[in-house]
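For reference, the structure discussed in these notes is given below.
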Amino acid sequence: MFCVIQEIENKKPNRNGYYKELKAEYLQIIINGKECGHYTYQYCGERFERPIKSSYRISIHNSYRENGKVKKKQYVVCTVQYYDLATDFFNLYDWGDNKIQYIADQLHCSTDTIYQTICSKVDSLQSKVQKEFRETEEYQRHSEHEQIIALYHSNKKNFNSKYNLSGNEYDQIYDVFGKLRNPERLDQIKSEYNYRKEYEEKSHSYYENNYNNYNDYFSGSSGSHFIPRSSEKAALKEIYRVAAKALHPDANPGRDTSEAMKVLNDLKTEWGI
């Protein structure tokens, strides 16, 4: 048993060349009368021409004796185009598994044996084809586009991490090429972040400074409420002011802070401030 790869010529060229351009576009979205659009990207323009018309027919050949004569049997597994090999689109399991299982039954051998026989031939051919393809302008341009997109995803991840975000705020500000498109929205996000940070720092500082006092007012498992001393109310008012400012709907577009504001206002009433 052995594998044969026969080169054949297609009648028509492959029309699925990579696009020549990567373009940033603005997707306009209006929710409740408010502009919530963001930048996206797409491949566009002409496609690269693919002049090579070669395809490769992959088959398994088996020789056997019958009535003292040598006979041969051929089993076609699949036919793959040059550019399917070049772009790593070809996958032997997806393209030929049913045929390989059939051949294994006919030849009374394992599918692994057939896979190994085919791969030893295909891998060499694919390496040669991909080496040729990487010298083309099509491959080099597409690689540049993929690098741009990879950098875009990295920048977006770092932006969300820096400002503790998880949505598409980055896309409201920058396009796929990293160009600043909406400086006003960037300033707003920085301002919101600073409000939250200021609130967290002051809350943490107040807690650290008054931890022992809190223990005096919370009793065991009875769940009694915290009643501030009159000397503490000024500090609590400041905490409330910072928190209310950070949680205000105007400072949180696209995020529902109503429940947090309700809890904050309940505390304000409970504290008597």
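The values are calculated or read from the model by the stated rules, or taken from the named source; none is laboratory data. Treat the numbers as computed from the prediction; the structure is a model and nothing was measured. Cβ coordinates were reconstructed from backbone atoms using ideal geometry, including for glycine residues, and neighbour counts include every protein chain displayed. All accessible areas refer to the heavy atoms of the entire protein, side chains included, with ligands and DNA or RNA removed. Shrake-Rupley method; radii C 1.70, N 1.55, O 1.52, S 1.80 Å.
How large is log10 of I(q)/I(0) for the stretch 1-119 at q = 0.19, 0.23 Å⁻¹ when the intensity is taken from the Debye formula with one equal scatterer per alpha-carbon? At q = 0.19, 0.23 Å⁻¹ the computed log10 ratios are -1.03, -1.24.
Comparing Asn164, Val76, His153 along the charge dipole axis of the chain, the residue lying farthest to the positive side is Val76, per the Cβ-charge model. Here the Gaussian network model covers the chain, with springs between Cα atoms less than 10 Å apart; of Ser161, Ser63, Ser54, Ser63 fluctuates the most.
When all alpha carbon pairs of the stretch 66-156 are counted in 10 Å bins from zero, the resulting P(r) reads 13, 32, 25, 17, 9, 3, 1, 0 %. Entry comment: accessible area of the chain is 66 Å² per residue, from protein heavy atoms only and a probe of 1.4 Å. Split the accessible area of the chain by element, probe 1.4 Å, and carbon with sulfur accounts for 47%. Tell me the accessible surface of Cys3 in square angstrom (1.4 angstrom probe, heavy atoms of protein chains only), to the nearest ten. Taking all protein chains as shown, Cys3 has close to 10 Å².
Across the cross-link table entries Lys202/Lys268; Lys73/Lys99; Lys99/Lys128; Lys202/Lys237; Lys156/Lys190; Lys245/Lys268, which are compared at the Cα atoms, the separations over 21 Å belong to Lys99/Lys128. A Förster radius of 35 Å, combined with the Cβ-Cβ distance separating Asn32 from Ser230, puts the computed FRET efficiency at roughly 0.20. For the residues Ser110, Ser59, Ser166, a 1.4 Å probe over the protein chains yields an accessible-area ranking, largest first, of Ser166, Ser110, Ser59.
Size descriptor for the stretch 27-68, Kirkwood hydrodynamic radius: 17.7 Å (Cα pairs only, one decimal). Solvent-accessible surface (1.4 Å probe) assigned to Glu184 amounts to roughly 130 Å². The heavy atoms of Lys71 offer some 80 square angstrom of accessible surface to a 1.4 angstrom probe. For the set Lys179, Lys268, Lys23, solvent exposure ranked by accessible area (probe 1.4 Å, protein chains only) runs largest to smallest as Lys179, Lys23, Lys268.
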